[in-house]
Amino acid sequence: SGSDNTSGLIAGITDTLQAHERFLLQLKDEEEQKKSSCHEKAVGILDQLRELKSRLEGNHFEVTPLRLDPDAATQLKLLTLVHTPATMTADHHDKLSAQLERCFSGICRRILYACLMTCPWFAASQSEETARAKHNLLFVVFMANDEHFLSLATPHEKELNEVINEDWLCAVEARHFGYHLRSGNVRFAEAFCSPESAVVINTSEYQQLKKELLHEELISKQLLEKCRGQAFGGVFKKKKDGRLVMKEDTTLQKICDSFRLLNYARQAVTDGQLTITVAVESSSDTHQVISLLGQLQEVRRQQWMMLIINQAMNFLPVGSCLKRHTTGPSVAVEKGSG
């Protein structure tokens, strides 16, 4: 009968689910496998099996992904890309905060924290304020509605309602934020350590979270590896013969992002903490060199590659590293090169 057939299917998926859970436990013990994408893919399969089982049992819960009102989001984006944290006025801060509250009203319980993030090295390469802010990111930590926690949805389905990830906005639920912060997520660590001048919304609950998280827990091997990995992966690709070559779509912004990430890695190794800056001092060597690089259109790709590799291997401050590679005879501007 149909009932017996369904019972057989449920028993089958239950056996499969339990077997996969045992496999996942074994996979966690394999250190090299954990470093690869195998563990991440296995977790995704586990979530899919759980969803399939809940559908067969008739208790599947559909979760609608978190979405902002398009008109309100457009206005919020415009406010986000006007000023960098270093130049944000009190009036603009209030407008950004109020629009942010309007956007998230009704779709979450409350906003716990929000900050405006930017790459100070890219900002230093631009002469106009609007150009400096065009790659800003508004980072938001929110508390989900009660029904989100009480639902029967799988962890994977719940995560759909925990994250908004756009090129100008990253909004995450508090539980998701805490978990990935401890796992070495670079963007989350950067938001966590943002200076007061970059903060848009702050609450007592978030302050309590900061007090409870030890700084030593934030600066981890995972954070260091992700800083270096993202710094290289954003601008390089590996050829079949093992050589690293610059990606064709590499831009000044991506190179500046690599500088920022490698500086975080250097700080983690030498200082044991992250110090997030919102601007590069105009009188510094770093500012002068990056301003010059922002004006050069035909610098050889190999020079960029050697600059970033040396920075990664030696963990030198960006200013001294840039100055050494752009003021000496090793720099060449070659017409027709990328």
**Prompt:** Any idea how far apart GLU205 and GLU217 come out in nm if each label point goes 7 Å out from Cα toward Cβ?
**Reply:** 1.8 nm
**Complete:** Share of accessible surface on carbon and sulfur in the range 109-263, whole %, 1.4 Å probe and ligands ignored, is 51 percent
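Which whole-number value in Å² is the accessible area per residue of the range 83-196, probe 1.4 Å? Write down the numbers at each step before the final one.
Values: 4790 Å² over 114 residues.
Value returned for the range 83-196: 42 Å² of accessible area per residue.
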**Prompt:** Which of the lysines could a cross-linker span from LYS28 if the Cα-Cα distance has to be under 20 Å and same-chain partners fewer than 8 positions apart are dropped?
**Reply:** LYS41, LYS221, LYS226
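The values are calculated or read from the model by the stated rules, or taken from the named source; none is laboratory data. Bear in mind that the values here come from a model prediction, so they are computed numbers and not experimental data. Ideal geometry is used to build each Cβ from the backbone, glycine not excepted, and the neighbour counts take in all protein chains shown. The protein model used for the area step is the full one, side chains on, heavy atoms only, and it has no ligands, DNA or RNA in it. Shrake-Rupley method; radii C 1.70, N 1.55, O 1.52, S 1.80 Å.
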